[in-house]
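Values quoted throughout were computed directly from the atomic coordinates according to the rules given, and no laboratory measurement underlies them. The shown structure was predicted, so the numbers you read here are calculated from the model rather than taken from an experiment. Methodologically, a virtual Cβ is constructed for each residue, glycine included, from the backbone with ideal geometry; neighbour enumeration extends over all protein chains shown.
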Amino acid sequence: MKRILAVGVGGMAGALLRAGIYMAVAGGLGLWLVNIAGSFLIGVAAVRLARKSAELRLLVSTGLLGSFTTFSAFSADWFHYLESSVWVGLAFAGSMTVACIASAATGLWIGRRGVAS
Amino acid sequence: MIGIAMGGFLGAVTRYLFYLLVESRSWQAKAATWLVNSIGSLVLGAFVGSGSLSAFWITGFLGAFTTFSTMALDAVKDFEDGNWLQGGSYILATLASGLLLFGLGYVLMQ
């Protein structure tokens, strides 16, 4: 029960933060921002929270960062870009995916560097 | 605002229930993430196709139910372990099913 509450509270905060960024940033840029920042932070959290309690990891990684980033809106944007041009659609999906993977890798790297020193 | 908060709570908890349904071996966790991202894309397609603008469902529940960061992190772990084929096919399978299922939901509800 405590774990479900941790995921839920984190998820609520993540969704609200994402909605706030959508409102603050015009157009499709908000999705880029939340997915890149969230992927970076989940990489840092994977290292820094590895030895913390399961509840804290569920709150931050599964709840907050899992909800802050989103895949469904990405699928929607990709679909609409493809409707206008196959190449624009492929470029959008490819660059978002590569950017998020690079962000998560950078987050892991920075997280480990901090732990080692 | 309250709708997004409630949707975010319930979407994240529902995603967590999918993780609880599988043992937490790495490929099974990825299967759960693939499943939530696929289902979430299908349902969002249905909402968008039907012209719904529900903040509870779209920004709240489905936004929180699906996740990009978990997918990216799990792929990086695969790549670090040298499992390029597994990580790469995981990403490509998620991208493809998300797109196709969003399109299916969209077309069906239009």
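The mean number of Cβ atoms from other chains found within 10 Å of a Cβ in peptide B:10-23 is 5, as a whole number. Of the trypsin sites (Lys or Arg not before Pro) in segment B:7-81, the ones in a loop by DSSP (not H, G, I, E or B) with at most 10 other beta carbons within 10 Å are B:Arg25. Using only side-chain charges placed at the Cβ, +1 for Lys and Arg and -1 for Asp and Glu, the dipole size of chain B relative to its Cα centre rounds to 220 debye. Net charge dipole, the protein assembly as shown: roughly 740 debye, given to the nearest 20, about the Cα centre with Cβ charges of +1 for Lys and Arg and -1 for Asp and Glu.
Compare the Cα positions of B:Val13, B:Leu85, A:Leu59 along the charge dipole of the protein assembly as shown (+1 at Cβ of Lys, Arg; -1 at Cβ of Asp, Glu; about the Cα centre) and return the one farthest towards the positive end. Result: A:Leu59. Between helix A:86-116 and chain A there is an angle of about 20 degrees, using the helix long axis and the longest principal axis of the Cα atoms. Within chain B, no helix built from a complete DSSP H run reaches 24 Å or longer along its own axis (Cα positions) while carrying a mean Kyte-Doolittle hydropathy of 1.6 or higher.
Result for chain B in a Gaussian network model with C-alpha springs under 10 Å: among B:Gly11, B:Gly82, B:Gly98, the largest mean-square fluctuation is at B:Gly82. Only DSSP H runs of four or more residues enter the estimate; each adds -39500 (n - 2.57), and after division by the residues of chain B the mean residue ellipticity at 222 nm equals -26000 deg cm²/dmol.
For chain B, relative contact order (Cα pairs under 8 Å, six or more residues apart, normalised by length) works out to 41 percent. Does anyone have the angle between helix A:2-24 and the longest principal axis of chain A? Alpha-carbon axes, 0 to 90°, nearest 10? It works out to around 40 degrees. Helix A:72-84 and the long axis of chain A differ in direction by around 20°, with both axes built from C-alpha atoms.
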